[in-house]
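Visitor: Got a structure for you, written out below as structure tokens; questions coming shortly.
The values are calculated or read from the model by the stated rules, or taken from the named source; none is laboratory data. All figures in this text were calculated on a predicted structure; none of them were measured in a lab. Neighbour counts are summed over all protein chains in view; Cβ atoms, including those assigned to glycine, are modelled from backbone coordinates with ideal geometry.
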Amino acid sequence: MALHGKIETTLELKSSAEKFYKVWRSQSFHVPKHASKHIQGVEIHAGDWETVGSIRIWQYTIGGKAGVFKEEVSFDDEKQDHNSLMAWKEMS
């Protein structure tokens, strides 16, 4: 049974908001190197690392259970500030 809904959170960062945004926006291939306990890999399914609408597939582990998450990412580059919104859309 799949979960359905919306999750929101606020994070305190140890880096600048701009750097965090840049990593998730166009350099997400670095995430598994820095969070390998939880994220084992990410690959491009369609598009590329830079283009909004590209589809990425993530391999992750939470609570000892492995999973795969397919997503389409959209970013609002016009509003890239300390209140930037990053939205992930899960794909089946």
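Visitor: Filtering the range 1-44 down to residues that are of a type in the set (S, T, N, Q) and modelled with pLDDT of 80 or more, which residue is farthest from residue 61 (Cα to Cα)? Even if it seems obvious, please write down each step before you answer.
Guide: Taking the range 1-44 and keeping what is of a type in the set (S, T, N, Q), we get 9-10, 15-16, 26-28, 36, 40.
Next cut, modelled with pLDDT of 80 or more only: 15-16, 26-28, 36, 40.
On the way: 15: 24, 16: 27, 26: 23, 27: 21, 28: 17, 36: 9, 40: 8 Å.
Ranking the candidates gives 16 first.
Visitor: So which residues in the range 34-79 are small (Gly, Ala, Ser) and out of contact with any Ser or Thr (no Cβ under 8 Å at 6 or more places or on another chain), if there are any at all? Lay out the reasoning, then the answer.
Guide: Taking the range 34-79 first, the residues small (Gly, Ala, Ser) are 35-36, 41, 46-47, 53-54, 63-64, 66-67, 74.
Across the range 34-79, the qualifying residues are 35, 36, 41, 54, 63, 64, 66, 74.
Visitor: Quick one: in the range 31-74, of everything that is touching a residue at least 12 places away in the same chain (Cβ under 8 Å) and assigned to a loop (DSSP other than H, G, I, E, B), which residue is surrounded by the most Cβ atoms within 10 Å (Cβ to Cβ)?
Guide: 54
Visitor: Kindly indicate which of 80, 59 is modelled with pLDDT of 80 or more and not small (Gly, Ala, Ser). Before the answer, list the steps.
Guide: Working: 80 fails: modelled with pLDDT of 80 or more.
When all the criteria are applied, what remains is 59.
Visitor: Just one of (1) small (Gly, Ala, Ser); (2) at pLDDT below 80; (3) surrounded by 10 or more Cβ atoms within 10 Å (Cβ to Cβ) trips up residue 92, so point out which.
Guide: All conditions pass for residue 92, except number (3).
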